[in-house]
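The values are calculated or read from the model by the stated rules, or taken from the named source; none is laboratory data. It should be emphasised that the depicted structure is a prediction, and the values quoted were computed from it without experimental measurement. Cβ placement follows ideal geometry from the backbone for every residue including glycine, while neighbour counts extend to all protein chains displayed.
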Amino acid sequence: MNAPTYAEAAERSPSEDTALETEIAVATKLEYGERAPKIGGDSERIISSVALFTSKSIKELEGLTLELQGLQEFLKSETERVQRDIDNALAGLKIIIDTISPWRNARPETAVHERIMRAETRLQRSNLPGGQR
């Protein structure tokens, strides 16, 4: 059975609707036999309502699709921007680390020297007669 699309049903003329009603009646008789429900005068109204509702729904879905595609493009560009910002920040940190590393390497030697000096001072104080400090 070649059923029309919803857009085609919305654009049908009344004579085409009668042909569609006949096609529906034949299909329901084949499906349900003699117990087939009767299609009355409301069929044109029902068909046009269904066509109207579906065409509006299709247009809304197309609009939503376009909106989602726009959002996807925005998110893609923002992701790229944030990635560039992160890369720039990491490059800046590398420069800072490279600049500070010579100072950092010199610091432990000074700290070790200070600890040795404090330990020697404590040792000297503990060796004083009578436990004087």
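For this structure, a couple of remarks:
- Only one of the listed residues (ARG104, ARG118, ARG35, ARG81) is loosely packed, with under 11 Cβ neighbours inside 10 Å and modelled with pLDDT under 65. That residue is ARG35.
- The single residue among ALA9, ALA25, ALA89 that is assigned to a helix (DSSP H, G or I), touching a Lys or Arg at 6+ places or on another chain (Cβ under 9 Å) and either among the aliphatic types (A, V, I, L, M) or at pLDDT 75 or above (or both) turns out to be ALA25.
- Only a single criterion out of (1) at pLDDT 75 or above; (2) of a type outside the set (D, E, K, R); (3) over 47 Å from the mean Cα position of the chain (by Cα) is not satisfied by LEU75, namely (3).
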